[in-house]
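What follows is a set of notes on a single structure, which appears directly below.
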Amino acid sequence: MKVHELSFTGHFLQRGFWLYVWEVTPPDGKPLFYVGRTGDSSSTNAQSPFNRMGQHLGFAKNSNMLRKYLQAHGASPEHSSFRLVALGPLEAESVAQTRGEHDSRRDLVAAMEKALADDIRSAGYVVMNNVRCRKELDAIRFAEVRTAFTMAFSDLSPSPSTGDQVMTA
């Protein structure tokens, strides 16, 4: 039995569209990474990273993707250490009655999620998930996002992505 501590600011509880990167270090010491976003595809919700954190590591079959990826890599979540780096909200959660506003915000962030995952992988990090998105990348907004993540991941250079403007699967 041990005492464990988690600290964060209340901003981490804010709903909206966020990008985040999990760094998970299993007992073997080789870090694994997972790139994600908030903003559902199946509803008009955009949760906080705090809410998503619990879902990722929980046992609900449809929302515990980080747990599934770790287990597929032979890592036990209960024996690993975690760091979550989140940026946002990049867009506010939509309050519109129709899906249009939510979907356009979700698509904007989804394209940045793919570009970030690709860039982190290209920098030599082991990214467990393969992010798929065919939506157009806003290169100007993504350059700001990428620069912000370089502060947390030293091997990710601050130069913008050299990929196509339209990200393909």
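Values computed for the structure shown
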read-out: Failed item in (1) touching a His at 6+ places or on another chain (Cβ under 9 Å); (2) open to solvent by 50 Å² or more (accessible area, probe 1.4 Å); (3) farther than 19 Å from L108 by Cα; (4) among the charged types (D, E, K, R), with R67 passing the rest; value: (2)
read-out: Filtered residue count, the stretch 1-22, keeping only those that are surrounded by 19 or more Cβ atoms within 10 Å (Cβ to Cβ) and either under 24 Å from S80 (Cβ atoms) or of a type in the set (S, T, Y) (or both); value: 5
read-out: Some residue of the stretch 16-33 being over 28 Å from H4 (Cα atoms), modelled with pLDDT of 95 or more and touching a helix residue (DSSP H, G or I) at 6+ places or on another chain (Cβ under 7 Å); value: yes
read-out: Hits in the stretch 35-48 - residues which are open to solvent by less than 40 Å² (accessible area, probe 1.4 Å) and within 19 Å of F142 (Cβ to Cβ); value: V35, G36, T38, G39, A46
read-out: Residue that is farthest from V21 (Cα to Cα) [pool: residues in the stretch 94-112 that are open to solvent by less than 40 Å² (accessible area, probe 1.4 Å) and in contact (Cβ under 8 Å) with a residue 60 or more places away in the chain]; value: H102
read-out: One residue from A86, A139, A123, A115 being hydrophobic (A, V, I, L, M, F, W, C), open to solvent by less than 20 Å² (accessible area, probe 1.4 Å) and modelled with pLDDT of 95 or more; value: A115
read-out: Checking F50 against (1) out of contact with any Phe, Trp or Tyr (no Cβ under 9 Å at 6 or more places or on another chain); (2) of a type outside the set (A, V, I, L, M); (3) without any contact (Cβ under 8 Å) to a residue 60 or more places away in the chain, the condition it does not meet; value: (1)
read-out: In the stretch 122-140, the residues that are under 27 Å from T25 (Cβ atoms) and touching a residue at least 12 places away in the same chain (Cβ under 8 Å); value: A123, G124, Y125, V126, V127, M128, N129, N130, V131, R132
read-out: Residue match in the stretch 95-110 (condition: under 30 Å from P26 (Cα atoms) and modelled with pLDDT of 95 or more); value: yes
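The values are calculated or read from the model by the stated rules, or taken from the named source; none is laboratory data. Everything quoted here is computed from the prediction, not taken from an experiment. As a convention, Cβ positions derive from the backbone with ideal geometry for all residues, glycine included, and neighbour counts pool all protein chains shown. Each accessible area value is taken on the protein alone, full model and side chains, heavy atoms only, with ligands, DNA and RNA left out. Shrake-Rupley method; radii C 1.70, N 1.55, O 1.52, S 1.80 Å.
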